[in-house]
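Only one structure is covered here, and it is reproduced in the block below.
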Amino acid sequence: MKSVTVLSGKGGVGKSSMTASLAIALSKYKKIVCADCDVDASNLALVLGIKERDYQDYHPISTNQKVKFDLEKCNSCGKCFQACYFNAIKFDGKPKLKEFSCEGCGVCELVCPTGAIEMIDVDNAMVGYAKTKYNFDVHFAQLMAGESGSGKIVTLVKNNARKTEAELLLVDSSAGVGCPVIASLAGSNYAVLVTEPTPSGFSDMKRALAVVNHFKIPYGIIINKYDINRGITKEISEFAEANSSEILAKISYDLNFVAALVNLTPVIEYNKKFESIFSELAKKVIRRLENP
Ligand code: SF4
Ligand code: SF4
């Protein structure tokens with residue numbers, strides 16, 4: 001199954017709105033499945049109009065461990081406190097865990113001379129999927145508050161989606177350039193970078209592009225709200241030309257996007273004038289996938 005990842009660098013540029021409408025447009029040409037890999041703030045299902053009651057197989061998962069001390073066995077040597085890179089252990093004669101700081105790396109267990117530390121599995125996310133009314137499924141997960149391990153959860157969501165009988169996996173990555181973004185991009189055949197013409201949008205797009213280039217993934221750029229700052233739009237276009245990058249689409253600022261979000265309807269469905277825009281975009285993405 002080939003995969004396309006949509007990412008942005010900066011949050012709030014309209015990535016999930018774009019992904020939802022692109023998914024519907026792609027589904028007219030290919031059997032697709034979506035993976036919402038923004039596990040810190042999963043909302044693709046919401047944008048596609050799915051309610052929590054529609055969730056299927058929604059269950060807790062554990063991709064991380066945390067420390068449990070057996071103070072009976074502890075000799076108060078303080079080695080765990082000294083070894084913890086994340087400063088997740090308080091030490092006042094005996095160790096005490098700072099729950100939200102522990103990354104589950106297991107170093108303290110290795111250095112403990114008395115076997116007083118055990119690593120135990122913790123539920124750190126909820127995972128599930130839903131059937132959309134657009135004839136494709138969306139898989140998603142929601143990291144629990146204060147928990148870590150997002151990269152592993154992203155990989156799990158993608159693997160779950162890949163079990164579906166589909167030709168194309170569309171991945172909605174989180175913003176930024178961290179672990180969940182890297183996990184979203186891993187194994188992708190094509191990337192769609194969504195940006196907006198603001199200084200931070202352009203700067204963060206370039207940071208995200210560095211990750212895409214690291215994996216040598218072909219990509220194209222969407223400039224959303226291109227007409228709010230034509231000067232920076234020109235700079236992005238010049239940057240794209242200088243780097244032999246393709247601008248897939250320039251989409252104007254349009255309050256229909258806001259109204260569509262308020263109504264939990266992808267903009268391609270909310271206003272038919274967007275059908276041709278996203279249909280052209282979908283056809284371009286399919287062409288790039290088939291002729292890299
Ligand atoms: S598992 Fe790692 S992060 Fe957690 S307390 Fe031990 S050393 Fe620190
Ligand atoms: S390393 Fe083990 S024995 Fe030493 S303080 Fe920590 S828990 Fe106690």
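The values are calculated or read from the model by the stated rules, or taken from the named source; none is laboratory data. Remember, it's a predicted structure, so these values are computed and weren't measured experimentally. With ideal geometry, Cβ positions are generated from the backbone for all residues, glycine too; neighbour counts draw on all protein chains shown.
Quickly run through segment 47-91 and pick out the residues that are within 11 Å of ligand 1 (Cβ to nearest atom), within 27 Å of the chain's Cα centre (by Cα) and either under 30 Å from Leu261 (Cα atoms) or part of a loop (DSSP other than H, G, I, E, B) (or both).
Tyr85, Phe86, Ala88
So, in segment 92-123, how many residues would count as being within 12 Å of ligand 1 (Cβ to nearest atom) and closer than 25 Å to Ala145 by Cα?
Count: 20.
Do we find that Lys273 is surrounded by fewer than 22 Cβ atoms within 10 Å (Cβ to Cβ), basic (Lys, Arg) and closer than 25 Å to Tyr29 by Cα in this structure? Even if it seems obvious, please write down each step before you answer.
Details: surrounded by fewer than 22 Cβ atoms within 10 Å (Cβ to Cβ): yes; basic (Lys, Arg): yes; closer than 25 Å to Tyr29 by Cα: yes.
For Lys273, the condition - surrounded by fewer than 22 Cβ atoms within 10 Å (Cβ to Cβ), basic (Lys, Arg) and closer than 25 Å to Tyr29 by Cα - is met.
If Leu248 passes every condition in (1) in contact with a helix residue (DSSP H, G or I) (Cβ under 6 Å, 6 or more places away or on another chain); (2) at pLDDT below 95; (3) over 23 Å from Ile153 (Cα atoms) but one, which one does it miss?
Every listed condition holds for Leu248 apart from (2).
Would you point out the residue of segment 194-220, among those that are among the hydroxyl-bearing types (Ser, Thr, Tyr) and over 17 Å from the mean Cα position of the chain (by Cα), that is surrounded by the fewest Cβ atoms within 10 Å (Cβ to Cβ)? I'd like the intermediate steps shown before the answer.
To start, the set of residues in segment 194-220 that are among the hydroxyl-bearing types (Ser, Thr, Tyr) comprises 195, 198, 200, 203, 219.
So of that shortlist, the ones also over 17 Å from the mean Cα position of the chain (by Cα) come out as 198, 200, 203.
Working: Thr198: 16, Ser200: 14, Ser203: 12.
By that ranking, first place goes to Ser203.
Take Leu71 and tell me if it is within 16 Å of ligand 2 (Cβ to nearest atom), exposed (fewer than 12 other Cβ atoms within 10 Å of the Cβ) and modelled with pLDDT of 95 or more. Steps first, please.
Values: within 16 Å of ligand 2 (Cβ to nearest atom): yes; exposed (fewer than 12 other Cβ atoms within 10 Å of the Cβ): yes; modelled with pLDDT of 95 or more: yes.
In short, yes.
Scan Ile228, Ile223 and give me the residue that is surrounded by 24 or more Cβ atoms within 10 Å (Cβ to Cβ) and either assigned by TED's automatic domain parsing to the domain that holds Ile286 or of a type in the set (A, V, I, L, M) (or both). Give the steps one after another, and end with the answer.
Details: Ile228 fails: surrounded by 24 or more Cβ atoms within 10 Å (Cβ to Cβ).
Unique residue meeting the criteria: Ile223.
Can you tell which of Phe136, Phe81 is near ligand 2 (Cβ under 8 Å from one of its atoms) and surrounded by 14 or more Cβ atoms within 10 Å (Cβ to Cβ)? Can you show your working first?
Numbers: Phe136 fails: near ligand 2 (Cβ under 8 Å from one of its atoms).
Going through Phe136, Phe81 in turn, the sole match is Phe81.
Has segment 27-36 got any residue that is assigned to a strand (DSSP E or B), at pLDDT 95 or above and of a type in the set (S, T, N, Q)?
Residues of segment 27-36 that are assigned to a strand (DSSP E or B), as a first pass: 32-36.
Now drop any that are not at pLDDT 95 or above, which leaves 32-36.
Then keep just the ones that are of a type in the set (S, T, N, Q); that gives none.
No, there is no match, as no residue in segment 27-36 is assigned to a strand (DSSP E or B), at pLDDT 95 or above and of a type in the set (S, T, N, Q).
Listed residues Ala141, Ala191, Ala166, Ala161; which is crowded, with 16+ Cβ neighbours inside 10 Å, in a loop (DSSP other than H, G, I, E, B) and touching a residue at least 60 places away in the same chain (Cβ under 8 Å)? Spell out the reasoning first.
Numbers: Ala141 fails: in a loop (DSSP other than H, G, I, E, B); Ala191 fails: in a loop (DSSP other than H, G, I, E, B); Ala161 fails: in a loop (DSSP other than H, G, I, E, B).
On inspection, the qualifying residue turns out to be Ala166.
Which of the residues that make up segment 254-270 are surrounded by 15 or more Cβ atoms within 10 Å (Cβ to Cβ), assigned to a loop (DSSP other than H, G, I, E, B) and without any contact (Cβ under 8 Å) to a residue 60 or more places away in the chain?
Answer for segment 254-270, where residues must be surrounded by 15 or more Cβ atoms within 10 Å (Cβ to Cβ), assigned to a loop (DSSP other than H, G, I, E, B) and without any contact (Cβ under 8 Å) to a residue 60 or more places away in the chain: just Asp254.
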